[in-house]
Each structure stands twice: as structure tokens, then as C-alpha cells.
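Novice: My questions will all concern the structure given below.
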Amino acid sequence: MVAGMGLVLLCLIWAAVEFVEFNRRSGDLRDAQQHSNRVYLKRMIDDVMETIAFERHRTEARVEASLRGRVDEAEAIIGNLLKTQQGKSRAELESIVRETLRPIRFNNGRGYYFAFDLNGIEKLFPLRPQLEGTNMLGQTGARGEFVVYDMLQLVQKNGGGLYRYYWAQPGKPGNDHLKFAYVRLIPDLNWVVGTGEYVEDMEADIKAELLERIGHMRFDQDGYIFVSQWDGLSLVGSLKGTNSLQSPHQGVRDGTIQLIATAKAGSGLVTYSMTDFKGGSVEKTSYVAGIPDWQWFVGAGMTHDRTEAEITRQRQILVQGLGIKAVMALLATILIGVVALLIMRRTSRRTAMDAQILTRAMAEAADSPHPIDTTALRFAEHHGFALSANQLIIRRQQVEKQLLDRTAQLEQTNADLERFAYVASHDLQEPLRTIGLFLQLLKRRVGDTLDAESREYIDFAVGGADRMRNNIQGLLAYSRSTHHGDERVQTDMDALLARVIGDLSATIAATGAHIEAAALPVLRINPDQMSALFQNLISNALRYRHPEQTPEVKISAVSRGDGVWEFAVADNGIGVPDDYRTAIFEPFRRFHPPGMEGGSGIGLALCRRVVEAHDGKIWVDADASGSTFRFTING
């Protein structure tokens, strides 16, 4: 009962909200309708403006085609006269042709033919016959162009064509009117025959054609395009032939003023009041665009009463159907509620079962990546999820297998490389020992008979063999540097450093070096590797000592937190140039000044390998006072 009353109340609220919402949306509907109308009007006027622009753009082409056609007619007339008047003298033929062409008019009486010979002598000039027989080569247009001379040049070059110039126009003030002329050589007479047309006259014809076409345009039942001049005279539209600025209706005059102002600014929308056919006033919105060269504005508009009528009609439909919809919605809600309750109960149980299956399967897949059994799942979404999860599980199995295979390959490769390095170093050292031994025996046996240079050559060879043996031993040490990388034990770093210093006591005593060590921590490390690390760094500090200073080496360590310690081995030696501070940690990359004995190039590479095996990094800071090698250890 309570549920039924709640549903009825819900339906009533829904009906009330629907009605209120419609009233609230009326403004939006009105704005949307007006926006649609404005877009439509703009598109209509844009199409008209494009048509006008197209016709204006092809004015010159139309003029040329028209003039060429007239000259074709003149040439045909002349050809026929010459054919039918054979036997006449040249003077008689010229007179016949002249008098035949003289009265011909076209283009509403504006067009006529003119002619002159190749010397520039005027042969035909219907408007000014007194100039016939006059040399016109010096005749100039309004802008100083030699009209007849230029036409002769055009004929001599191309046989004829279109020529533009500025000339006086009958019935209009001034002489600076653009005119097109088309001329052609008539070889049988050696005459140049042509005709012309003023652009203003052609534009007038184009305007008339456009106004005729625009006057027949209609849209949206009773919509039309209107065209008026900037002085208010209507050229096309319901007020055609009248001046809107002189209308007895103030609203018409004000609207026209707004339209003209908007057109002069370019284009835009104007809302104004107009008088309808019943004598009443209606609001109207028009889109108008201006044509400054012609002082025209073109527009189209729609009244607002149609929008209001549409909103009123929709409101009546809503009110009439709201009650029926409310009752139907109530019944449908009750039915849907019952059905939904049954479906939800059934779906909930099935969803819970699928969730249990997926949860259990995912938990098992975390430990043992076996595909999920999808046959027990009831929902397509769960089935799709399980298939995606199975793809991930299969991919994981593939990746794990590839990783195991790759790991095994790398382990085998590393073992092979280590065996190769050991065998190569062992096999190479033996010949080197033999070379060095026999060279020394040679020196002892025949050394007294050799000159100093020969003994020096033997010393160089012995030294080279020793250096090669040292390089091989260094390579062997580098290849074995991390062989026992996982054998880490808790180690007192102070005790480890003391043993290293003891091992280097002879070198320290020989160089007079002073070793200073701060308190070091107890870390879980590989003692052998760490001993090699300290031994190489201290040995380098002693080897590359400053020639004028007593060697000093300082070892210290600071905690960075999270079990990471930063160690520093500082010396007052010759330092390391900026360009070598990265390269010296690569195998066989050495730096030592001329005259100073260098190492094998393996020591610092071994140091970096040991540090990286302990999840750390190593770098060097250097200046004029010496070098400081720093490295981090995660112990």
C-alpha cells in the first residue's frame, strides 16, 4: 500500500516537474528556434552573395565573349560583302563596308562597330564621323594610353584580342570610364575592326539579371529575398519600387535605418518591427549583407510570431498528453518495479556466484597461474573478464618460460665466458713468461756485447711482455669479480680496510703515504669483492700521486638512510680531467700524464662492477687539490 502510494506520488511529481521544466525550457526553445532561423537566413544570404560575387567576377569574361561574338558577326558581314561585290574598286569596297556597318547597333543601342587601317587612319567611327580619315595613332585615353597604337600592337602580335582603356562615356560626366574593346585584323581590307562595351553598362545588365533571379527566390513557404539601395529604395521584395526611409510607419523607417547601418558595416543580424498585411506590428529578424561598390544591401528575414505559435502549440500538446502519460507511466512503473524486483533478486544471486568463482580463481592464479574455468560463469561480462584474465595468465606463463630460458642461456654464456677468460689468460701467460725469460737470458748472455740502444730494445720487449701479462691477469680478475656476488656476510668494514692497508704496507712505506680512515659501518657484503674495491682505489691514489706532495688518502662513510651508505676515498694526487671522469670506469680506458706509469685499465672497471653488484653506483669528483672517488653500497 505504502509502495503504491509512493509510486503514485512519484508519478504526480514527475508530471508536475515535466510541466514546470517545459515552461522553463520555453525560453531555450525560443532561442534555439531563433538561432536556427538565423543560421538558415545567413546561409540563404551567403548563397545569394556568392552568386552575385560569381557574376561580378566573370564580368570581364562575359564582356570578352560578347564583344568577340559581335566582331565575329562583323567579320562575317565583311567577308560576304567582299564576296558579293567583286569587281568593285578598293575605295568602293571600303565605302560599302563602312556604310553597311555604320548603322548596326546592339546591346540596347549602346554597341557599334569602329575600324581603322594599319597606319592608324580612322575608317569608321559612327559616333564621331568627322574623325574618319584622321590619323588616330596619337589619340590617348583618359589615363594617357595610346589607344589606337596599342590596339595595332595587339593585332600585329596576336592578330587581335581584348584591350582595356579609359574613355568618355556618352551621357555621363567625365572621361575616366573603363571600357573593353575587342579588335581583329581583316586581312582582305587591312582594316582593324572592333567594338567595345563600358564596364558600367555591362554591370547594369548584370544587376538587372541578378535582380530578376533574386526576385523569383522563395524559401520557407512565404519567405523571400529583399534587395535595396543604401538610399532606401527597394529593388526586390514586398516593398519593391518604394523608399522604405519615406514609409509612414516609424517601425519600417527605423528597421530600414538599422539594415543600412549593418550592411555598411559588412553584414549581420537585425531585429526590428515591421507592419504585417493586416496592418499590425510584428517582430522580425533579418540577416543582411552589404555590397559597397553597388551601394546595395541584400537580406532575408523571418517573423517571430511563428516561433511563438509553435511554442504555444507544443505547450497545448504537452498539457493534453501529460495526464495520459502520467497514468501510463504510473502503471508502467508498477509493472516494471515488480519485474525488476524479480530480476534483481535472480541476478543478484547469479552475480554473487560468479563473483565467488572469479575471486577464488584469481586467488589461485596469484600462486599458480592456471587458466580460469569459464564454463561455470553465467554472465557474458564475467565470461569476457575471465577470458581476458586467461590471456594474461597464458602470457605470464609464456613470459616466465622465456625468462627462465633466457636466464639459463645467460648463466651458460657467463660460465662459458669465464672459462674462456681463464683458459685464454692461462694459455697466453705461458708464452709471455717464456718470451720475457728468454729475453732476460739473452740480455745476460750477450748484453755486454750489445750497444746501449740494443739493450734498451730488449728492456722494451721485456716490459711489454710484463704489461701484457698484467693486462691478462686484470682481465681474469674482472671476469671473476662478481662470480661470488651472492656470497654476502656481515662484515666489519674497519677490519676489512685494515687488512687491505696491511696488504699495501710495502707500497705505502715506499711512497711515504699517510692513510687516514674514519669509523666505518658493519655491512652485509661480499668481503673479497669489497677488498678488491678498496685495494684498487687506494693503489690508484698512490700510483697517481702528486710528484711534489706526500700522498694522503682519506677513507670515510656516511649513511643515506634505508640501509644505503656512501663511501669516499679522497687523495691529494694529480686529479682526473672532466673528459675522463666517466670513461675511466670502462675496461682498458686509462688516464695518466706522459712520463707516469699507467695501470692495466681494469682496476676502476672492476670497482664499478663490484659496486653495481652491491646495488650501488660509483663516480669521481676532482679538482686541483686531488680526486675523491665516491660509491654507494646497499648493505
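The values are calculated or read from the model by the stated rules, or taken from the named source; none is laboratory data. If you're wondering where the values come from, they're calculated on a predicted model, not measured in any experiment. Virtual Cβ from ideal backbone geometry, glycine too; neighbours counted across all protein chains shown. Side chains included, ligands, DNA and RNA excluded: accessible areas come from the protein's heavy atoms. Shrake-Rupley method; radii C 1.70, N 1.55, O 1.52, S 1.80 Å.
Novice: Among the residues of the stretch 492-512, is there at least one that is at pLDDT 65 or above, under 60 Å from the mean Cα position of the chain (by Cα) and surrounded by 14 or more Cβ atoms within 10 Å (Cβ to Cβ)?
Specialist: yes
Novice: Also: Are there any pairs, at least 6 apart or on different chains, whose C-beta atoms fall under 6 Å, with the first in the stretch 329-353 and touching a residue at least 40 places away in the same chain (Cβ under 8 Å) and the second acidic (Asp, Glu) and surrounded by fewer than 12 Cβ atoms within 10 Å (Cβ to Cβ), and if so, which?
Specialist: Once the first residue is touching a residue at least 40 places away in the same chain (Cβ under 8 Å) and sits in the stretch 329-353, no partner that is acidic (Asp, Glu) and surrounded by fewer than 12 Cβ atoms within 10 Å (Cβ to Cβ) comes close enough.
Novice: Right, something else. Would you mind finding the one in Thr275, Thr333, Thr312, Thr303 that is modelled with pLDDT under 85, touching a Lys or Arg at 6+ places or on another chain (Cβ under 6 Å), open to solvent by 20 Å² or more (accessible area, probe 1.4 Å) and not charged (D, E, K, R)? Show your work before the answer.
Specialist: Details: Thr275 fails: touching a Lys or Arg at 6+ places or on another chain (Cβ under 6 Å); Thr333 fails: touching a Lys or Arg at 6+ places or on another chain (Cβ under 6 Å); Thr312 fails: touching a Lys or Arg at 6+ places or on another chain (Cβ under 6 Å).
Of Thr275, Thr333, Thr312, Thr303, the one residue that is modelled with pLDDT under 85, touching a Lys or Arg at 6+ places or on another chain (Cβ under 6 Å), open to solvent by 20 Å² or more (accessible area, probe 1.4 Å) and not charged (D, E, K, R) is Thr303.
Novice: Could you go through the stretch 389-397 and let me know if any residue there is surrounded by 10 or more Cβ atoms within 10 Å (Cβ to Cβ), assigned to a helix (DSSP H, G or I), at pLDDT 75 or above and polar (S, T, N, Q).
Specialist: Looking for residues that are surrounded by 10 or more Cβ atoms within 10 Å (Cβ to Cβ), assigned to a helix (DSSP H, G or I), at pLDDT 75 or above and polar (S, T, N, Q), one finds at least one in the stretch 389-397, hence yes.
Novice: Starting from the stretch 517-543, keep only residues that are closer than 21 Å to Glu487 by Cα, then list their pairs with residues that are assigned to a helix (DSSP H, G or I) and of a type in the set (Gly, Ala, Ser) whose Cβ atoms are within a distance under 6 Å, requiring at least 6 positions of separation or different chains.
Specialist: Matching pairs, first to second residue: Asn536/Gly603.
Novice: Right, next: Condition test on Gly237, is it open to solvent by less than 20 Å² (accessible area, probe 1.4 Å) and out of contact with any Lys or Arg (no Cβ under 9 Å at 6 or more places or on another chain)?
Specialist: Against the criterion (open to solvent by less than 20 Å² (accessible area, probe 1.4 Å) and out of contact with any Lys or Arg (no Cβ under 9 Å at 6 or more places or on another chain)), Gly237 does not qualify.
Novice: State whether the residues of the stretch 83-92 include one that is at pLDDT 90 or above and either in contact with a Ser or Thr (Cβ under 9 Å, 6 or more places away or on another chain) or surrounded by 11 or more Cβ atoms within 10 Å (Cβ to Cβ) (or both).
Specialist: Yes, because at least one residue in the stretch 83-92 is at pLDDT 90 or above and either in contact with a Ser or Thr (Cβ under 9 Å, 6 or more places away or on another chain) or surrounded by 11 or more Cβ atoms within 10 Å (Cβ to Cβ) (or both).
Novice: Kindly evaluate Ile45 against the criterion of being assigned to a helix (DSSP H, G or I) and out of contact with any Phe, Trp or Tyr (no Cβ under 7 Å at 6 or more places or on another chain).
Specialist: Values: assigned to a helix (DSSP H, G or I): yes; out of contact with any Phe, Trp or Tyr (no Cβ under 7 Å at 6 or more places or on another chain): no.
Judged against the criteria, Ile45 is not a match.
Novice: Determine if the stretch 20-38 includes at least one residue that is at pLDDT below 75, open to solvent by 70 Å² or more (accessible area, probe 1.4 Å) and of a type in the set (Lys, Arg).
Specialist: The answer is yes; a qualifying residue exists.
Novice: For Val462, indicate whether it is hydrophobic (A, V, I, L, M, F, W, C), open to solvent by less than 30 Å² (accessible area, probe 1.4 Å) and either assigned to a helix (DSSP H, G or I) or modelled with pLDDT under 90 (or both).
Specialist: yes
Novice: Any chance the stretch 63-85 includes a residue that's outside any helix (DSSP H, G or I), free of Cβ contacts under 8 Å to residues at least 24 places away in the same chain and either closer than 30 Å to Glu197 by Cα or polar (S, T, N, Q) (or both)?
Specialist: If we filter the stretch 63-85 for residues that are outside any helix (DSSP H, G or I), which is where we start, we get 85.
Those left that are additionally free of Cβ contacts under 8 Å to residues at least 24 places away in the same chain: 85.
Restricting the remaining residues to those that are either closer than 30 Å to Glu197 by Cα or polar (S, T, N, Q) (or both) gives 85.
Scanning the stretch 63-85 turns up at least one residue that is outside any helix (DSSP H, G or I), free of Cβ contacts under 8 Å to residues at least 24 places away in the same chain and either closer than 30 Å to Glu197 by Cα or polar (S, T, N, Q) (or both).
Novice: For residues that are modelled with pLDDT of 85 or more and touching a helix residue (DSSP H, G or I) at 6+ places or on another chain (Cβ under 6 Å), scanning just the stretch 278-298, find the one that is surrounded by the fewest Cβ atoms within 10 Å (Cβ to Cβ).
Specialist: Among those residues, the one meeting the criterion is Ala289.
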